[in-house]
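Chemist: Before I ask anything, here is the structure I am working with.
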Amino acid sequence: MFFQIVYISGTAIYFVFVILLCWISRVPRTDPGAGWWACAILAAAMSRMLLFALDGTGDPRTVLLAYGALSSLEKTLLAIGIIRFLDLRAGERPVRRAAGLLGGWLGLAWLVPDLPAWAISTALAAFNAGLLAFVAIACLRRRPPDAGSWLPATALASGLLALHWATAFPLITVFPRWRVIGLALGTVLVLILYLSLLAGVLRQFQKRLTDAESQALELAYLDPLTGLNNKNYLGKLFEQALALATRPHHLVAVCYIDLDNFKPINDSAGHKTGDRVLQEVARRLKECTRSTDISARIGGDEFIVVATQLEQAVQVDRIAAKLLDRLCADIRIDGAAYPLGASIGISLYPRDGDTLSSLIDAADEAMYRVKSTRKNGYALYSRPDAPPAAADAR
């Protein structure tokens, strides 16, 4: 009775794994190992069904050859799946050759009735134990980062199965009463093996989804050309900056930057050169700002720098002068020098507004005042009823 329970329950669970691995293998860009493992565990299920169907009714030699052939096919497919999963292409040819030699040996055993059963079982045990040992070693030596946490379990199950095949399988042919214990132990180890493989593939799916989500967030929040924050993400970062401005008299400066002389460069040298100019501008902005500051491209040749945690208004002049000095330096691309400039308008929180949109409008107005008068300079926003704010020009 226990023998039949082991057969039926083990085979049923095998078919569940077949369905799951087949379904997973159909998902686009799935590692090819899943399809090979589905075929491997299908072969294992068929070998169990064969034993159950022919138990006590078939010729023991025929049962041994048929079961050995299906079990060896399972290990071959399992090993090829591991090779594909771990990208060990050099190991596939030896596995196929070994499987071919075993197939020839089993064919010879079928044609030569006098060949003893122990010779057949020894060859089967050596082949299956060898492939399982190969799987265990491969999983220990090569662990892909997206599924590597599950491979030690695969290696452990494969190693124990190799030991099981090297010892229990030959013993069963000599001591048939060991068959139930050996079959139950083998079933448990096989289930652990394929469960770990299934978990590894699912772990790959999880990492792929999280990576895709991370890339989507980067596309949503970063400017694809310059790598700076984009306008959509600027508001959220500004709210975080205000949350940090908790000390009395803390200031936040919004610098609206419009490049001068960029359009002639873009028109004469081409858009590719213009893109490289914008990338160099972004690099210089990162150099000029602190880790607590925010740099963003809001479109075309317009940028915004938010300087946070300022103690005194005089710091704004130093920041603007530094930005202006770096942006007005010639940009060299492929041996050619391109003169550039910048008009910068600056507004201060909380003096000129308490929202990002109001501060950008104020900085934009100050920037246009610079652009309409002299270019290559900066100016602080001043209300119409206030005295003019300090400004600097190159």
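Chemist: Criterion first (modelled with pLDDT of 85 or more, within 36 Å of the chain's Cα centre (by Cα) and either of a type in the set (A, V, I, L, M, F, W, C) or open to solvent by 50 Å² or more (accessible area, probe 1.4 Å) (or both)) does Val252 satisfy it?
Modeler: Against the criterion (modelled with pLDDT of 85 or more, within 36 Å of the chain's Cα centre (by Cα) and either of a type in the set (A, V, I, L, M, F, W, C) or open to solvent by 50 Å² or more (accessible area, probe 1.4 Å) (or both)), Val252 does not qualify.
Chemist: Being open to solvent by 50 Å² or more (accessible area, probe 1.4 Å) and more than 14 Å from Gly200 (Cβ to Cβ) is the filter here; which residues of the stretch 25-40 pass it?
Modeler: Step one: of the stretch 25-40, the residues open to solvent by 50 Å² or more (accessible area, probe 1.4 Å) are 26, 28-29, 32, 36, 39.
Passing the criteria: Arg26, Pro28, Arg29, Cys39.
Chemist: Considering only residues that are touching a strand residue (DSSP E or B) at 6+ places or on another chain (Cβ under 8 Å) and either polar (S, T, N, Q) or buried (at least 16 other Cβ atoms within 10 Å of the Cβ) (or both), which ones fall in the stretch 322-333? Steps first, please.
Modeler: Here is the first cut: in the stretch 322-333, the residues touching a strand residue (DSSP E or B) at 6+ places or on another chain (Cβ under 8 Å) are 323-324, 327-328, 330-332.
Result: Leu323, Leu324, Leu327, Cys328, Ile331.
Chemist: So is Leu183 open to solvent by 60 Å² or more (accessible area, probe 1.4 Å) and modelled with pLDDT under 80 or not?
Modeler: Numbers: open to solvent by 60 Å² or more (accessible area, probe 1.4 Å): no; modelled with pLDDT under 80: yes.
So Leu183 does not fit the description; no.
Chemist: To continue, here is another question. Which numbered condition trips up Cys22, out of (1) at pLDDT 90 or above; (2) open to solvent by 10 Å² or more (accessible area, probe 1.4 Å); (3) closer than 27 Å to Leu140 by Cα?
Modeler: Exception for Cys22: condition (1).
Chemist: With respect to Leu77, is the statement that it is assigned to a helix (DSSP H, G or I) and touching a Cys at 6+ places or on another chain (Cβ under 6 Å) true? Please lay out each step first, then the result.
Modeler: Values: assigned to a helix (DSSP H, G or I): yes; touching a Cys at 6+ places or on another chain (Cβ under 6 Å): yes.
Yes: the conditions hold for Leu77.
Chemist: Here's a follow-up. Looking at Thr308, is it more than 20 Å from Gly341 (Cβ to Cβ), among the β-branched types (Val, Ile, Thr) and open to solvent by 10 Å² or more (accessible area, probe 1.4 Å)? Quick ask: steps written out before the conclusion?
Modeler: Working: more than 20 Å from Gly341 (Cβ to Cβ): yes; among the β-branched types (Val, Ile, Thr): yes; open to solvent by 10 Å² or more (accessible area, probe 1.4 Å): no.
Answer is no for this residue.
Chemist: Does the stretch 105-118 include one or more residues that are touching a helix residue (DSSP H, G or I) at 6+ places or on another chain (Cβ under 9 Å), more than 19 Å from Cys39 (Cβ to Cβ), surrounded by fewer than 16 Cβ atoms within 10 Å (Cβ to Cβ) and aromatic (Phe, Trp, Tyr)?
Modeler: yes
Chemist: Taking the stretch 334-357 as the search range and keeping residues that are assigned to a loop (DSSP other than H, G, I, E, B) and over 18 Å from Lys322 (Cα atoms), which one is most open to solvent (accessible area, probe 1.4 Å)? Reasoning before the result, please.
Modeler: First pass over the stretch 334-357, keeping only residues assigned to a loop (DSSP other than H, G, I, E, B): 334-335, 339-340, 350-355.
In the following step, the residues that additionally are over 18 Å from Lys322 (Cα atoms) were identified as 334-335, 350-355.
Values: Asp334: 133, Gly335: 75, Pro350: 79, Arg351: 107, Asp352: 16, Gly353: 14, Asp354: 108, Thr355: 62 Å².
The residue in question is Asp334.
Chemist: Determine which member of the set Leu78, Leu108, Leu115 is closer than 30 Å to Leu140 by Cβ and not β-branched (Val, Ile, Thr). Even if it seems obvious, please write down each step before you answer.
Modeler: Values: Leu108 fails: closer than 30 Å to Leu140 by Cβ; Leu115 fails: closer than 30 Å to Leu140 by Cβ.
The conditions single out Leu78.
Chemist: Looking at the structure I just gave you, is Arg61 charged (D, E, K, R) and buried (at least 17 other Cβ atoms within 10 Å of the Cβ)? Break it down stepwise before answering.
Modeler: Working: charged (D, E, K, R): yes; buried (at least 17 other Cβ atoms within 10 Å of the Cβ): no.
No.
Chemist: If you go through the stretch 197-229, how many residues are under 24 Å from Arg276 (Cβ atoms), surrounded by 11 or more Cβ atoms within 10 Å (Cβ to Cβ) and among the polar types (S, T, N, Q)?
Modeler: Adding up the residues that qualify gives 2.
The values are calculated or read from the model by the stated rules, or taken from the named source; none is laboratory data. Since the model is a prediction, treat every value here as computed from it, not as a measurement. Every residue, glycine as well, gets a Cβ built from its backbone with ideal geometry; the counts of neighbours run over all protein chains shown. Remember, those area values only see protein heavy atoms, side chains included, never the ligands or the DNA or RNA. Shrake-Rupley method; radii C 1.70, N 1.55, O 1.52, S 1.80 Å.
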